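Here is the structure we will look at.
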Amino acid sequence: MELKYIDMRGQVCPATLISALREINSHKDAIKAETLKLVFITSNRDSTVTIPKSAENMGYATKVSEEDASYRIEIFAAGL
């Protein structure tokens, strides 16, 4: 599976959410085919709620973890 990293550190909501939704929609076929996982790196704590909630409402699975001074948000096919 390919991982695509999107570094959004320094951005705040709603810009992070809009960027994330654009990436998800651009790569929806690959995500659903389980060949791609999107990994967003953000310093904005609000994004750890807004991005996963929106992705889950679209039928994707998510995972949020904290790394150093930032957060990692993974978006992937719900079947994984």
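Quick note: the coordinates plus some simple rules give every number you see, no bench work behind them. Small disclaimer: the values here were computed from a predicted structure and weren't measured. Cβ placement follows ideal geometry from the backbone for every residue including glycine, while neighbour counts extend to all protein chains displayed.
Within the range 26-33, identify whether any single residue is in contact with a helix residue (DSSP H, G or I) (Cβ under 6 Å, 6 or more places away or on another chain) and in a helix (DSSP H, G or I), and answer yes or no. Walk me through how you get there before you give the answer.
Initially, the range 26-33 is screened for residues in contact with a helix residue (DSSP H, G or I) (Cβ under 6 Å, 6 or more places away or on another chain), giving none.
Scanning the range 26-33, I find no residue that is in contact with a helix residue (DSSP H, G or I) (Cβ under 6 Å, 6 or more places away or on another chain) and in a helix (DSSP H, G or I), so the answer is no.
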Cβ-Cβ under 9 Å pairs, at least 6 apart or on other chains, the range 58-74 side within 18 Å of D46 (Cβ to Cβ), far side among the small types (G, A, S) and not in a strand (DSSP E or B):
T62/A55; A69/S43; S70/S43; Y71/S43; Y71/S47; I73/A20; I73/S47; I73/A55
Taking the range 29-80, which residues are of a type in the set (G, A, S) and within 10 Å of the chain's Cα centre (by Cα)?
S47, S54, A55, A61
Condition first: surrounded by fewer than 19 Cβ atoms within 10 Å (Cβ to Cβ), in contact with a Lys or Arg (Cβ under 7 Å, 6 or more places away or on another chain) and not in a loop (DSSP other than H, G, I, E, B). Now tell me which residues in the range 37-63 satisfy that.
V39, I41
